[in-house]
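To start, the structure itself, in structure tokens.
The values are calculated or read from the model by the stated rules, or taken from the named source; none is laboratory data. Just so we're clear, the structure is a prediction, and the values are computed from it rather than from any experiment. Cβ placement follows ideal geometry from the backbone for every residue including glycine, while neighbour counts extend to all protein chains displayed.
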Amino acid sequence: MGAGAGSARTRVGREVGELAVMWAGFPLLGAGAGWLLVAAAGPLARLPWVPLQGWLKLLAGLPRPGTAVAAAALGVLAGLVVAGLGTRERPVIDVDAHRVRLRREGRDREHARAAVRVVFVDGQSLVLLGDGDGELDREDGDMNVRLLAAAFRTHGWPWADADPHRDAYRRWVEGLPGLPAGADALLRARQQAVEQGRHDEARDLRRELGRLGVVVRDEEKRQYWRRSPPGSGPGSGS
């Protein structure tokens, strides 16, 4: 948590320990992998069943220790790139008594306290419900639930330890009654997007379903749905 309980705003996300592990650990792993690759190239090149024999023989024939140092340096650079991408993709939540801001990859979304009826974590997603219990927003990410709960409660937000509508969800099976017109086709398209890992498309289809009054949650690539007032789709999440 980026600020104390008595401060005007509390930040959750990108904790110092986590960032230290990413920015120190990934470069070190990359350096070690590069060094080991050069060291093992010769023995691996003598095993005919190992793939990429041509590249291994070329690598084994390069002068040492310069090649090992260069490979380790490239591994460090690769680790830094991975750490940078991981930092950018991690969500950051800023909350105070009046609004919450959700930031990921340089994009911000804000919601006023007055518009939010309840806040909770569903799996690895932070969820905000508005009036009528439609989803205002859903932010995916491996976030610290304990810190999130403390932040929202500190600033007087209605935090719930679980989805208050969990028992209202039904598993989606194509053709079953109860869905509004057009929702079945959207759920079918979204199921394909979820199974194939097309997260942006799944996110867009979630918004479209929200406009029809259908709230969706996922469990192991299975879709579950419930009804809510039309027009209350989430701002993000897949």
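A few remarks follow.
- Any hit, region 131-150, residues being polar (S, T, N, Q) and touching a strand residue (DSSP E or B) at 6+ places or on another chain (Cβ under 6 Å): no
- Selection within region 132-146: residues that are more than 17 Å from the chain's Cα centre (by Cα) and in contact (Cβ under 8 Å) with a residue 24 or more places away in the chain. The member of this set that is nearest to Arg206 (Cα to Cα) is Glu135.
- Region 1-43, subset modelled with pLDDT of 75 or more and charged (D, E, K, R), residue nearest to the chain's Cα centre (by Cα): Arg11
- Among (1) under 14 Å from Tyr224 (Cα atoms); (2) surrounded by 13 or more Cβ atoms within 10 Å (Cβ to Cβ), the one test that Ala151 misses: (1)
- Those strands (runs of 3 or more DSSP E) lying entirely in region 131-229 with at least 2 residues in contact with a Ser or Thr (Cβ under 9 Å, 6 or more places away or on another chain): 135-140, 214-219
- Residues in region 109-137 that are touching a Leu at 6+ places or on another chain (Cβ under 7 Å) and not aliphatic (A, V, I, L, M) were compared, and the one that is surrounded by the most Cβ atoms within 10 Å (Cβ to Cβ) is Glu135.
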